[in-house]
1. Quick one: in the stretch 107-162, which of the residues that are of a type in the set (Asp, Glu) and more than 20 Å from the chain's Cα centre (by Cα) is farthest from ASN193 (Cα to Cα)?
2. Do you know which of the residues in the stretch 181-202 that are within 26 Å of LYS41 (Cα to Cα) and under 15 Å from the mean Cα position of the chain (by Cα) is farthest from the ligand (Cβ to nearest atom)?
3. Please determine, by comparing only the residues of the stretch 46-99 that are open to solvent by less than 40 Å² (accessible area, probe 1.4 Å) and among the β-branched types (Val, Ile, Thr), which one is farthest from ARG118 (Cα to Cα).
4. Being open to solvent by 20 Å² or more (accessible area, probe 1.4 Å), free of Cβ contacts under 8 Å to residues at least 12 places away in the same chain, within 13 Å of the ligand (Cβ to nearest atom) and not hydroxyl-bearing (Ser, Thr, Tyr) narrows it down to one of PRO211, PRO230, so name that one.
5. Being open to solvent by less than 50 Å² (accessible area, probe 1.4 Å), assigned to a loop (DSSP other than H, G, I, E, B), more than 9 Å from the ligand (Cβ to nearest atom) and on the phi > 0 side of the Ramachandran plot, is that true of even one residue in the stretch 160-180?
6. Checking the conditions here, which among GLY205, GLY217 is more than 12 Å from the ligand (Cβ to nearest atom) and on the phi > 0 side of the Ramachandran plot?
7. So, in the stretch 20-44, exactly how many residues are loosely packed, with under 15 Cβ neighbours inside 10 Å and touching a Pro at 6+ places or on another chain (Cβ under 9 Å)?
8. Report, by residue number, each residue of the stretch 101-138 that is surrounded by fewer than 20 Cβ atoms within 10 Å (Cβ to Cβ) and assigned to a strand (DSSP E or B).
Amino acid sequence: MDHRTSVDIAKRLAELKKNIARCETDAKRPSGSVILLAVSKTQPTEAIIAAYAAGQRAFAENYAQELGNKAAALQALDIEWHFIGPLQSNKTRLVANRADWVHSVDRLKLAQRLSAQRPKDKTPLQLCLQVNIDNEETKSGVAVDALPELAGAIRSLPRLRLRGLMCVPKHTTDPATQRETFARMRVMFEELNQQGFELDTLSMGMSGDYPAAIKEGATIIRIGTAIFGPRR
Ligand SMILES: *Cc1c(COP(=O)(O)O)cnc(C)c1O
């Protein structure tokens, strides 16, 4: 990767952080209440190193093998790894070994495997449940109606810590629709907490909709394109 690309990544990251701070202020939320995840899927390790050099520490990957390879290659760096992609049962061991967080759990079997496979010398795996918020047939995520039962079953697994909810809404550029969807996530999050769950994480908002997500209470936004540019 050439020097110019590294400079571009640092510049986009700085610009993005300014925008996030502005969104926090607009939403009357405390400064620093939104955590930025850099989504590095398909990007070379050099791009991760460039963002790291600019101060970024939390990175997210969508493919288990890619996460494994990058985490191994970059293990000298103080990176917090998040897994956010569709997870298959036969890939849970890799993720349980390499990730600090998993955002995309949508069935009990995956959670059970992750809990059983989480190495004993590591802290519990931090977990979000992916919600199929727009009820799309082609998308992963637990159905809204099935969420409380799944959350209840996962709560007692020993090597996991249930932190919150995640979603990937149906694509739209309309800010009002974006907000309405994220608001439904926020309500579900609040309802679970009223039922005694102690969730503190709403993982929602990507390059095209993070301002709306921040307005509706996102605590983690997952940004790829706006940091690294278009994916190959
Ligand atoms: C790719 C991806 C992102 C980042 O998307 P951008 O539009 O590039 O910011 C966030 N979340 C998930 C689950 C993704 O797959």
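The values are calculated or read from the model by the stated rules, or taken from the named source; none is laboratory data. Keep in mind that this is a model prediction, so the values were computed, not measured. Glycine gets a Cβ as well: all are built from the backbone with ideal geometry, and neighbour counts include every protein chain shown. Each accessible area value is taken on the protein alone, full model and side chains, heavy atoms only, with ligands, DNA and RNA left out. Shrake-Rupley method; radii C 1.70, N 1.55, O 1.52, S 1.80 Å.
1. Let us first name the residues in the stretch 107-162 that are of a type in the set (Asp, Glu), namely 121, 134, 136-137, 145, 149.
From what's left, more than 20 Å from the chain's Cα centre (by Cα): 121, 137, 145, 149.
Values: ASP121: 30, GLU137: 28, ASP145: 16, GLU149: 14 Å.
Taking the candidates together, the pick is ASP121.
2. Initially, the stretch 181-202 is screened for residues within 26 Å of LYS41 (Cα to Cα), giving 181-182, 185, 200-202.
Applying the additional criterion that residues be under 15 Å from the mean Cα position of the chain (by Cα) yields 182, 185, 200-202.
Details: PHE182: 14, MET185: 14, ASP200: 19, THR201: 14, LEU202: 13 Å.
Among those residues, the one meeting the criterion is ASP200.
3. Step by step, filter the stretch 46-99, then rank; the result is ILE48.
4. Working: PRO211 fails: free of Cβ contacts under 8 Å to residues at least 12 places away in the same chain.
It is PRO230.
5. No: zero hits.
6. GLY217
7. Qualifying residue count for the region: 2.
8. Of everything in the stretch 101-138, just one residue is surrounded by fewer than 20 Cβ atoms within 10 Å (Cβ to Cβ) and assigned to a strand (DSSP E or B), namely GLN126.
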